[in-house]
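The structure appears below as structure tokens.
The values are calculated or read from the model by the stated rules, or taken from the named source; none is laboratory data. Since this is a predicted model, take the numbers as computed values, not measurements. As a convention, Cβ positions derive from the backbone with ideal geometry for all residues, glycine included, and neighbour counts pool all protein chains shown. Side chains included, ligands, DNA and RNA excluded: accessible areas come from the protein's heavy atoms. Shrake-Rupley method; radii C 1.70, N 1.55, O 1.52, S 1.80 Å.
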Amino acid sequence: DRLLLCRELLSESGSIFVQINDENLHLVRCLLDEVFGRENFVAVVAFKKTGGFPSGLLASVYDYLLWYAKDRSQIKCRPLYLLKTLAGTAEQYKHTDEEGRRFEPTSLYSEGATAGGTFVFTYCDRTFRTPASSHWKTSLEGMERLKAAERLWYSRNTLRYVRYLDDFPVVPLTNVWDDTMGERDMLYAVQTNTKVVERCILMTTAPGDLVFDPTCGSGTTAYCAEKWGRRW
């Protein structure tokens, strides 16, 4: 009944997030499929709630958000980004240049041989060729521009592109959130971290939009909505 009411109250571009544990995840998803339609399923988000406790079986450290749209073709959705960290999403940036800038040597090859992309290229008095059944990711002119910009790096017989960490210091948010440990001073048995609620609000609403939490609980949704200029 609560889900049916939520569907009626949602705007055509609106979304609903239902938090559930792994024990009942499949049951609630079946209900949401029935109420909102399978075609309006958006994602299952796993977010970390605890560090885990030793047990004879696998420790459960995640809760889940089931995300559905009122109408997936009209959904309001804005991508979110996280800063790259050397201990996580930027750990592959292991090299540093003379100025101390971290970089990652990335491949300059793409699969499949092409007539215009299998040329020989000279760099630092060395000759480089693409491997069999592959081609350069850019043209000869593009390679020369990378050379002039000092964005080339080689190891043995492989020429690579220098990608600096500060070129694009963020990564898109995915459906696995590892940085959302639960609230420490909980007032309720199930109390969602404000970071989780904020992300849901920021992804699917604009300032001035209306946010509704039919269970209310500790008021986290209202707090986050107020913080980011949404009505609630």
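Couple of notes before you dig in:
- Accessible surface ranking for 173, 210, 1.4 angstrom probe, highest first: 210, 173.
- Set of lysines with alpha-carbon distance to residue 49 below 19 Å, sequence-local pairs under 8 removed: 195
- Mean separation of Cα contacts under 8 Å, 6 or more apart, over the residue count of the chain: relative contact order %: 20 percent
- Cα long-axis angle, helix 194-204 against the chain (0 to 90 degrees, to the nearest 10): 80 degrees
- FRET E, pair residue 151, residue 206, Förster distance 41 Å, beta-carbon r, rounded to 0.05: 0.60
- Debye-formula intensities of region 1-124, expressed as log10 I(q)/I(0) at q = 0.12 Å⁻¹, are -0.77 (one equal scatterer per alpha-carbon, no solvent).
- The Cα atoms of the chain define a convex hull whose projected area, averaged across directions, is 19.2 nm².
- Residue order by solvent-accessible surface for 93, 64 is 64, 93, largest first, with ligands and nucleic acids left out and a 1.4 Å probe.
- Computed from point charges on the beta carbon alone (+1 for Lys and Arg, -1 for Asp and Glu), the dipole magnitude for the chain about its Cα centre is near 500 Debye.
- Å³ per residue enclosed by the Cα convex hull of region 98-232: 221 Å³
- Sites residue 59 and residue 218, calculated FRET efficiency, Cβ-Cβ separation with R0 35 Å, nearest 0.05: 0.90
- The heavy atoms of residue 95 offer some 70 square angstrom of accessible surface to a 1.4 angstrom probe.
- Heavy-atom surface of the chain, accessible at 1.4 Å and reported per residue (Å²): 64 Å²
- The chain, accessible surface, carbon-and-sulfur percent (1.4 angstrom probe): 52 percent
- Structure-based [θ]222 nm, the chain - -39500 (n - 2.57) summed over DSSP H runs of at least 4, per residue, nearest 500: -6000 deg cm²/dmol
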